[in-house]
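Input: a single structure, listed below in structure tokens.
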Amino acid sequence: MKNFLFITLLLLGTILPMKVSAALNRPPVSVRMQKTPGNGDRDDDQKEDKRIPSAPVYCTIDFANQTVSGNFTSRLLTFEVWSEEGDQCIATFDDESNLIEYLDSAEGDYQLRFYSESYVYIGFISL
């Protein structure tokens, strides 16, 4: 029984620090985002064939410095993580550091939505 407990603790002691060190060494991630007016919903008179898509906005998520930076035209108010298909909101944050903490522990493909007063920035991230 003591050997089993010792081996279990030894394995946990070696596996957990590797997960923490991997998270601490995660490089910054660049995300290509599309800027859309309003809350992301399209009015009937704003059909896709009548509008020229806006230029992409490139965003960098820096896990080490806990920052989200990019050429956003206004201050970001809310950060959301959605399923890759964009049909389910997984998490909502009012602070970029909370978003980064969440993404630092996540794995998979997600849609990100960053809200400002006038625009929604939508992009995809693979972790």
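Just a yes or no: is a residue in region 44-52 open to solvent by less than 60 Å² (accessible area, probe 1.4 Å) and either assigned to a strand (DSSP E or B) or modelled with pLDDT of 90 or more (or both)? Looking through region 44-52, none of the residues is open to solvent by less than 60 Å² (accessible area, probe 1.4 Å) and either assigned to a strand (DSSP E or B) or modelled with pLDDT of 90 or more (or both). The set of residues in region 113-127 being within 12 Å of the chain's Cα centre (by Cα) and under 13 Å from residue 54 (Cβ atoms) consists of 121, 122, 123.
Yes or no: residue 122 aliphatic (A, V, I, L, M) and over 24 Å from residue 37 (Cβ atoms)? In short, no.
Mind listing whichever residues of region 67-80 are outside any strand (DSSP E or B) and either open to solvent by less than 50 Å² (accessible area, probe 1.4 Å) or at pLDDT 90 or above (or both)? Reasoning before the result, please.
Here is the first cut: in region 67-80, the residues outside any strand (DSSP E or B) are 71-77.
Once the filter is applied, which keeps residues that are outside any strand (DSSP E or B) and either open to solvent by less than 50 Å² (accessible area, probe 1.4 Å) or at pLDDT 90 or above (or both), region 67-80 yields 72, 74, 76, 77.
Each residue in region 81-120 was checked for being of a type in the set (Phe, Trp, Tyr), farther than 18 Å from residue 57 by Cβ and open to solvent by 40 Å² or more (accessible area, probe 1.4 Å), and 1 of them qualify.
The values are calculated or read from the model by the stated rules, or taken from the named source; none is laboratory data. Computed from a predicted model, the values in this text were never measured in an experiment. Positions of Cβ are generated from backbone atoms using ideal geometry, with glycine treated the same way; all protein chains shown enter the neighbour counts. The accessibility values were calculated without ligands, DNA or RNA, using every heavy atom of the protein model including side chains. Shrake-Rupley method; radii C 1.70, N 1.55, O 1.52, S 1.80 Å.
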